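Written out below as structure tokens is the structure these notes cover.
Nothing in this text is a laboratory measurement; each read-out follows from the coordinates by a stated rule. Quantities reported herein were computed from a predicted structural model and do not represent experimental measurements. A quick note on method: Cβ atoms are made from the backbone with ideal geometry, for glycine too, and the neighbour counts reach across all protein chains shown.
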Amino acid sequence: MLSDLDLRHHYETNENIINEFYLPTLSKANRYRRVIGHFFTESLIVAAKGLVNLISNNGEMLMITTPRLTDQDINRIKENPHLKGSIISARLAKDLKQIDDPFAKARLNTIARLVENDQLKIKIVVPKDISYGGIQYELFGIVEDQNANKISFTSQVNDRAGEYYRNYETIEVFCSWNAYEEIRVKSKEEYFTHLWTGQTAAYDIMELPVEVKDKLLSYRIEDQDLMEPEVDLAPHKSCISNFPIIPSYIQIREYQQEAIKNWFRNSCQGLLEMATGTGKTITALSAAAKLWEVTNRLGVIIVCPYTHLVDQWVEDIKLFNMSPIFAYQSRNLWEEILFNEISAFRAGITNHFCLITTNATFSSNSMQNLLTNLGTDVLFIADEAHHLGARKNRESLLQSIPYRLALSATPNRWHDDEGTKELINYFGGSIVFQYGLDKAIGNFLTEYYYYPHIVYLDEDESDYYFEITKKIAKLFYLTESVDENESLQSLLIERSRILSRARNKLSVLKELMSQKRDSHFNIVYCGDSQVDGEKQIDAVVNLLGNELDMNVHTFTSREDKEERKQLLQRFENGDLQALVAIKCLDEGVDVPATQTAYILSSSTNPREFIQRRGRVLRKHKNKKYSYIHDFIVIPRRLEELEAVDSSVFNIERNMIKRELIRFSEFADLAINGPLAHEKLNEIKHSYHLLDI
């Protein structure tokens, strides 16, 4: 009976929630009622925890979920209410995808077996206010045994894509045989019944469509025994058994092996300069596994500049047999756990721990205090390591850590030679391996076509540009240090903004996109400036979305983490034709489906344009080539240059030179490189820059 179990009131992932809660309770159950969030593959994988025991008991599961409707779905339902059922059915089926991961397949096989045995019944709740796409109900479960003992639990779980393996979950438990908790259990029962029978004012109820049921059955794996993968597939959960191992199904490429060897030759310190998309993460984790083979004792600390990079790393870390401690939210969630892990490691009780965190959390006093004096046998891995070159971040780098590995496609910090030098010195004094885009394109990145577009300033923009340039020319020859003259720096920034917000960029973009209204998988990179009082990014969305009637959305800091995840999924599925971004797609966000990029932002920062090109060139099953449209702004018509004062000409020439370096680099590696260069030659000739 459930009442025989020694249950606690609170469980969380780090306490082995499968073995301590789900498996014991469901081994006693004959009925399991569960309310989950949106209906999609990953949420089912999370909901399937421990269900192998329910099957063996011949128990029944009732599940309530809701469709993950897109804006396009909602608009179609509003326009055609009679198609509501079919649109929802199509969405439910579309959100069930095939997954190759053995862990996920084992869980989905369990779901399919329950459906096949008629042990699982699913009902879909649909908001009556269809315009609201969120979840308005609580996520919870009720487990019942044959003697009518019941436990209810509320669940807070991260069921995002890729997080089904040891996803972070916390649950609060209430037992019906405890008098003071019985009312809570009854309350959850009543609410479940109201949802199940359609007695709520906010929702309509749908039976699971036949085509969706058939798709669930497709997850059935013949001749495979039922298993709980977190017990049967994952490594044993004792601290000693978790250590870095290269999975047998991952083949380390020849250049990755060379990178690891070079790092070992430099006393396990060094920086790997590898192009976006060439497997920096796998290389670093493989290096950790090789180091473990030598030391048989290793703490691994991984830092990333952004939380979305942490999430992406976690998926690969787990493949390498490590169970990382996540430390980038409230320190109450990780500080005590990390303290215990480090204490056990220092005392020799355990031989391994793995921590992943953000640069900001790593630099915090609480984290620094925990990591100080860790001693030997610790590896520090820095992703997008150029960020650590900033003064504040450099001060947090721990000298006591002996093994150090930095990863970056662009290690040289722009206009910060000191930061670059100190960063490289910390990571062993050298870049031990380089693998650039020239080697990766055609092998691990797609080949691409490059189209530069010349944009001229309008008359009022040109007048303002000339006015600023004359002021710059006067100050330029009156100052000894350009960098230290604040007035000159302000003028240079303002002039740069004139080029960045040039309104004719929108005209050229409209001309290009008018011919491609039905195209998909487009990314538009904008500047953060304003065009006639409107932010450039908003002007682009208005142009594409309203004037050209395309389905587009911004991808910026205005969208939260969950919304960005949904936007990327919609983009991948083709529901969104274009994403319009400023900087949020520069580092770490994988959008391999991207086929065409339009670069409106005039950045001369090598890190930005190298990262952007790498994002676009990632391989995808549905694309053969990538296409890059780049916008170069010229302050005046070329025929007007003969009348320009020499001092103004030289200033403009230096500005154009910086721009042309980027354009020439893009053209050099493009399939149509000679044609792209030919378009730039007129500018080079007019500004005496044929050597670029």
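Along the charge dipole of the chain, Cβ charges K/R +1 and D/E -1, which of Val633, Ser507, Met550 sits furthest on the positive end?
Met550
Please tell me the relative contact order of the stretch 2-218 in percent, rounded to the nearest whole number, where contacts are Cα pairs under 8 Å and at least six residues apart.
That works out to 28 percent.
Need one number: nm distance between label points at Asn262 and Leu475, each 7 Å from Cα along Cα→Cβ, rounded to one decimal.
Calculated label separation equals 4.2 nm.
Ranking Ile151, Ile523 by Cβ neighbours within 10 Å, fewest first, what do you get?
Working: Ile151 26, Ile523 23.
Least crowded to most crowded, the residues run Ile523, Ile151.
Most exposed first by the Cβ proxy, i.e. fewest other Cβ within 10 Å, how do Val210, Val508 rank?
Going from least to most buried by this count: Val210, Val508.
State the Cα centre-to-centre distance between the stretch 438-452 and the stretch 53-76 in whole Å.
If you average the Cα positions of each part, the centres end up 42 Å apart.
Provide the gained length on full extension for the span Tyr249 to Ser330, in nm with one decimal, where the gain is 0.36 nm per separating residue minus the Cα-Cα distance.
On the way: separation 81, 0.36 × 81 = 29.16 nm, distance 3.58 nm.
Gain in length upon complete extension: 25.6 nm.
Take the alpha carbon gyration tensor of the stretch 2-218, find the square roots of its eigenvalues, order them as a ≥ b ≥ c, and report rounded if a/c is under 1.5; if not, report prolate when a/b exceeds b/c, else oblate.
Working: a/c = 1.83, a/b = 1.44, b/c = 1.27.
Prolate.
Just to be sure I follow the definition: excluding the sites themselves, where is the longest run in the chain that has none of the chymotrypsin sites (Phe, Trp or Tyr not before Pro) in a DSSP loop with at most 13 other Cβ atoms within 10 Å?
Looking at the chain, 250-476 is the longest stretch - no exposed chymotrypsin sites (Phe, Trp or Tyr not before Pro) with at most 13 other Cβ atoms within 10 Å.
What number results when the radius of gyration of the stretch 254-435, computed over Cα atoms, is divided by 2.2 N^0.38 Å?
Computed over Cα atoms of the stretch 254-435, the ratio equals 0.95.
Please list, or write none, the aspartates and glutamates whose alpha carbon is within less than 19 Å of the alpha carbon of Lys623, excluding same-chain residues fewer than 8 places away.
Within reach: Glu447, Asp518, Glu572, Asp575, Asp590.
Give me log10 I(q)/I(0) at q = 0.11, 0.13, 0.24 Å⁻¹ for the stretch 482-556, Debye formula, one equal scatterer per alpha-carbon, no solvent.
-0.35, -0.46, -1.11
Could you state the angle between the C-alpha long axis of helix 459-476 and the longest principal axis of the C-alpha atoms of the chain, as a value from 0 to 90 degrees rounded to the nearest 10?
Tilt relative to the chain: about 70 degrees.
Calculate how many DSSP beta bridges within the stretch 448-687 are antiparallel, expressed in % of all such bridges and rounded to the nearest 5. Mind showing how you got there, number by number?
Working: 2 of 27 bridges.
Antiparallel bridges: around 5 percent, rounded to the nearest 5.
From Cα pairs below 8 angstrom and at least 6 apart in sequence, can you work out the relative contact order of the chain, rounded to a whole percent? Kindly include the intermediate steps, with their values, before the conclusion.
Numbers: 1150 pairs, mean separation 74.0, N = 692.
Relative contact order for the chain comes out at 11 percent.
What distance in nm lies between label points placed 7 Å from Cα along the C-beta direction at Ser218 and Asp528?
4.4
Give me the number: length gained by fully extending Ser430 to Glu562, i.e. 0.36 nm times residue separation minus the C-alpha to C-alpha distance, one decimal in nm.
43.6 nm
If you count, for each residue, the other Cβ atoms within 10 Å and average over each peptide, how do 668-679, 86-97 line up from highest to lowest?
Per-residue Cβ counts within 10 Å, averaged per peptide and sorted highest first, yield 86-97, 668-679.
Determine the percent antiparallel among the DSSP beta bridges restricted to the chain, to the nearest 5.
If we restrict to bridges inside the chain, about 30 percent are antiparallel.
Anything over 28 Å Cα to Cα? Flag those among Lys84/Lys121; Lys261/Lys318; Lys261/Lys621; Lys128/Lys621; Lys97/Lys535, in the order listed. It would help to have the intermediate numbers written out before the result.
Values: Lys84/Lys121 22 Å; Lys261/Lys318 23 Å; Lys261/Lys621 32 Å; Lys128/Lys621 38 Å; Lys97/Lys535 38 Å.
In this structure, Lys261/Lys621; Lys128/Lys621; Lys97/Lys535 exceed 28 Å between Cα atoms.
Can you list the lysines whose alpha carbon is less than 18 Å from that of Lys188, not counting same-chain residues fewer than 8 positions off?
Cα-Cα hits under 18 Å: Lys123, Lys150.
Per-residue ellipticity at 222 nm for the chain, helices alone: DSSP H runs ≥ 4 residues times -39500 (n - 2.57), over residue total, nearest 500 deg cm²/dmol? Kindly include the intermediate steps, with their values, before the conclusion.
Values: 26 runs with 278 residues, N = 692.
So the helix-based figure for the chain works out to -12000 deg cm²/dmol.
With everything on Cα atoms, drop me the angle between helix 417-426 and the longest principal axis of the chain, reported from 0 to 90° to the nearest 10.
So the inclination is approximately 40 degrees.
Nearest 10 degrees is fine. How inclined is helix 504-513 to the longest principal axis of the chain, computing both from alpha carbons?
That helix lies at roughly 50 degrees to the long axis.
Going by how many other Cβ atoms sit within 10 Å of their own, how do Ser686, Ser626, Ser514 line up, fewest first?
Sorted ascending by nearby Cβ count, the order is Ser514, Ser686, Ser626.
Once you order the gyration tensor axes a ≥ b ≥ c over the Cα atoms, which shape class does the stretch 437-532 get: rounded for a/c under 1.5, otherwise prolate or oblate by comparing a/b with b/c?
Taking the square roots of the gyration eigenvalues as a ≥ b ≥ c, the stretch 437-532 is oblate.
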